[in-house]
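Okay, so here's the structure we're looking at.
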Amino acid sequence: MGDDGRAAERGEMVAWTIEARGIRDPAVIAAMRSVPREAFVPASIAGEAYADHPLPIGSGQTISQPYIVALTAEAARLTAGDRVLDVGTGSGYAAAVYAHIAREVVSVEVVPELADRARAALAAAGVGNVRVVTGDGTLGVPENAPYDAILAAAAGPGIPEPWIGQLAQGGRIVMPLERGDGWQQLVRATLGDDGLEVAELGGVRFVPLIGEHGIRPS
């Protein structure tokens, strides 16, 4: 399929699975219309790139469904001047979406093979304002702090303490939290004068947040 066909698919995906489900931020919608999801999935399943569900990307991981990426970006209230920490690079797709809106994205991935693939995919897609770091995302990336937004594509038992220390005043953390019995809640935590103010955004399903301040690997 040519570029025009892919662009048409993206447009339909945004209309039917993003805007129709309540996403209104014009910057998020523009990013979802612009970033080629097919560039971030294995070639064997590129034909499914605009289906609104996760897809396998290897190493036991998935690329998040488009709606969840859009929901996270909108919940984070991203602006053009923001520095973003993206935890759980995976394929690099979400980082590319955030980078379309924000000034700079630092994306951290614990699986070296996925980090390498994401770097290659981002470069091939012409995304120049994302830096992929291999390591424990629950520790953040302190040398690039503070961050205006910290966004996680994996669920942990609580908000990692290092992230709070690396968040700018007024900054937002958007992540899923484990609530027991296999249930997860997407939250936005905003750093104000009196600490974190947490808002619940709805039930979700993500892979575990692996790391020192998340779920320790067995």
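The values are calculated or read from the model by the stated rules, or taken from the named source; none is laboratory data. All figures in this text were calculated on a predicted structure; none of them were measured in a lab. Quick reminder, even Gly has a Cβ in these numbers, built from the backbone with ideal geometry, and neighbours come from all protein chains shown. Side chains are part of the model used for accessible areas, which takes the heavy atoms of the whole protein and leaves out ligands, DNA and RNA. Shrake-Rupley method; radii C 1.70, N 1.55, O 1.52, S 1.80 Å.
Of note:
- For the stretch 120-140, filtering for residues that are assigned to a helix (DSSP H, G or I) and free of Cβ contacts under 8 Å to residues at least 12 places away in the same chain leaves 2.
- Scanning the stretch 165-195 for residues that are at pLDDT 95 or above, over 25 Å from Thr134 (Cα atoms) and over 18 Å from the mean Cα position of the chain (by Cα) gives Gln169, Gly170, Leu191.
- Complete set of residues in the stretch 168-184 that are open to solvent by 10 Å² or more (accessible area, probe 1.4 Å), touching a Gly at 6+ places or on another chain (Cβ under 9 Å) and in contact (Cβ under 8 Å) with a residue 12 or more places away in the chain: Gln169, Gly170, Leu177, Glu178, Trp183
- Search result, residues across the stretch 15-58 that are outside any helix (DSSP H, G or I) and open to solvent by 60 Å² or more (accessible area, probe 1.4 Å): Arg24, His53, Pro54, Pro56
- Matching residues, the stretch 100-147, being more than 25 Å from Ile164 (Cβ to Cβ), crowded, with 21+ Cβ neighbours inside 10 Å and in contact with a strand residue (DSSP E or B) (Cβ under 8 Å, 6 or more places away or on another chain): Leu114, Arg117, Ala118, Leu122
- The stretch 61-74, subset in contact (Cβ under 8 Å) with a residue 60 or more places away in the chain and open to solvent by 10 Å² or more (accessible area, probe 1.4 Å), residue farthest from the chain's Cα centre (by Cα): Gln61
- Between Glu143, Glu113, the distinction of being farther than 16 Å from Val69 by Cα, of a type in the set (Asp, Glu) and either touching a residue at least 12 places away in the same chain (Cβ under 8 Å) or part of a loop (DSSP other than H, G, I, E, B) (or both) belongs to Glu113 only.
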